[in-house]
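As structure tokens, the structure follows; a few thoughts come after it.
The values are calculated or read from the model by the stated rules, or taken from the named source; none is laboratory data. This structure is a prediction, so every number in the text was calculated from the model and none was measured. Reconstructed Cβ throughout: ideal geometry from the backbone, glycine too, with neighbour counts over all protein chains shown. Surface areas here come from the heavy atoms of the whole protein model, side chains and all, with no ligands, DNA or RNA. Shrake-Rupley method; radii C 1.70, N 1.55, O 1.52, S 1.80 Å.
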Amino acid sequence: MSATGPNRRITVPEIAGRKGGERIVCLTAYNAATAKLLDPFVDLLLVGDSLGMVLYGFETTLPVTLDMMILHGAAVVRGSERACVVVDLPFGSYQHSPADAFRAAARVMSETGCAAVKLEGGVEMADTVAFLTGRGIPVLAHIGLQPQSVMKTGGYRARGKDEADAARLMADAKAVAGAGAFAIVLEGMVEPVARRITTEIPIPTIGIGASPACDGQVLVTEDMVGLTQNVTPRFVRRYADFGRDLAAAAKAFAREVRTGEFPRAEHCYGAGSNARPLAPRGPGKRAGEQ
Ligand code: KIV
């Protein structure tokens, strides 16, 4: 891929330069096929650790490992050519020390080819953000509702509802921006707080459940297209219902296999027009049964 040709990727400085300008469009992707479909339409592809819940059926994101993030991150980089790809650092890979965070982030960057990493945390992670950015690793920060801290906070509730919490969120935003993050995800917070943060910090904010005041928006793709079966958060808009379409397709396939309508001649090698099942089979009968 050329560094200057028409297909070159959107860079981290270009995303950072969108502050107060053209809105940033971000969706999650966990595999090459989805990345390829989304790539022409988004600025950022986020390989979120939400993949633990969406793809693997974990109850939280906590069991997600660095190896899982690297496999999925590399697939998304392979499947895309234009979007800036950011990969989440998973729980336990960066919180202990800046040096741990650097080792995890360096593996993610070198083994996936992504442009940046994302990590959760505000004031308490500022030293780590500075350590990484000072060593050439761009960081997308993530404050507000932090799914990796769900055991401490006790749930997925919106933040910033009282003045003390609003002040904490503002301090978090200023700390990670001051530490060198190139942009910041604001997850699950009340509109006035998201608006104030977006107005007061010099880097772009990317909201999820944080109102249109943000400089960009991100959604989990599977939520957006109706592929997640759990409770849909209020901030999700469903732009398609692939879950319903997938169930309808599976039902039609099952019926056609059972009645012998599938496969047809056009789906067979060398069958001419003679492609038909050996014998009609009723429900519950197996081959050779009378
Ligand atoms: O893991 C994820 O998908 C995320 C987004 C929801 C921002 O962090």
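Okay, here's what the table says:
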{"item": "Qualifying residue in the stretch 206-215 (condition: modelled with pLDDT of 95 or more, open to solvent by 30 Å² or more (accessible area, probe 1.4 Å) and closer than 30 Å to residue 35 by Cα)", "result": "yes"}
{"item": "Qualifying residue in the stretch 139-159 (condition: crowded, with 16+ Cβ neighbours inside 10 Å and more than 16 Å from the ligand (Cβ to nearest atom))", "result": "no"}
{"item": "Subset of the stretch 26-57 [hydrophobic (A, V, I, L, M, F, W, C), out of contact with any Leu (no Cβ under 6 Å at 6 or more places or on another chain) and under 14 Å from residue 140 (Cα atoms)]", "result": "44, 45, 46, 47"}
{"item": "Count - residues of the stretch 19-59 that are crowded, with 16+ Cβ neighbours inside 10 Å and within 15 Å of the ligand (Cβ to nearest atom)", "result": "24"}
{"item": "Any hit, the stretch 80-90, residues being within 11 Å of the ligand (Cβ to nearest atom) and not aliphatic (A, V, I, L, M)", "result": "yes"}
{"item": "Neighbours by Cβ (under 8 Å, 6+ apart or cross-chain): first from the stretch 118-142, touching a residue at least 40 places away in the same chain (Cβ under 8 Å); second within 16 Å of the ligand (Cβ to nearest atom) and open to solvent by 50 Å² or more (accessible area, probe 1.4 Å)", "result": "121/95; 125/95"}
{"item": "In the stretch 77-107, the residues that are of a type in the set (Asp, Glu) and open to solvent by 20 Å² or more (accessible area, probe 1.4 Å)", "result": "81, 100"}
{"item": "Enumerated helices (runs of 4 or more DSSP H) restricted to the stretch 112-231, each holding at least 3 residues that are under 20 Å from residue 54 (Cβ atoms)", "result": "221-224"}
{"item": "Any hit, the stretch 213-231, residues being under 17 Å from the mean Cα position of the chain (by Cα) and more than 16 Å from the ligand (Cβ to nearest atom)", "result": "yes"}
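Every residue, every condition in (1) farther than 30 Å from residue 217 by Cβ; (2) in contact with an Asp or Glu (Cβ under 9 Å, 6 or more places away or on another chain); (3) part of a loop (DSSP other than H, G, I, E, B); (4) at pLDDT below 95, yes or no:
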{"position": "239", "(1), (2), (3), (4)": "no, no, yes, no"}
{"position": "247", "(1), (2), (3), (4)": "no, no, no, no"}
{"position": "256", "(1), (2), (3), (4)": "yes, no, no, no"}
{"position": "289", "(1), (2), (3), (4)": "yes, no, yes, yes"}
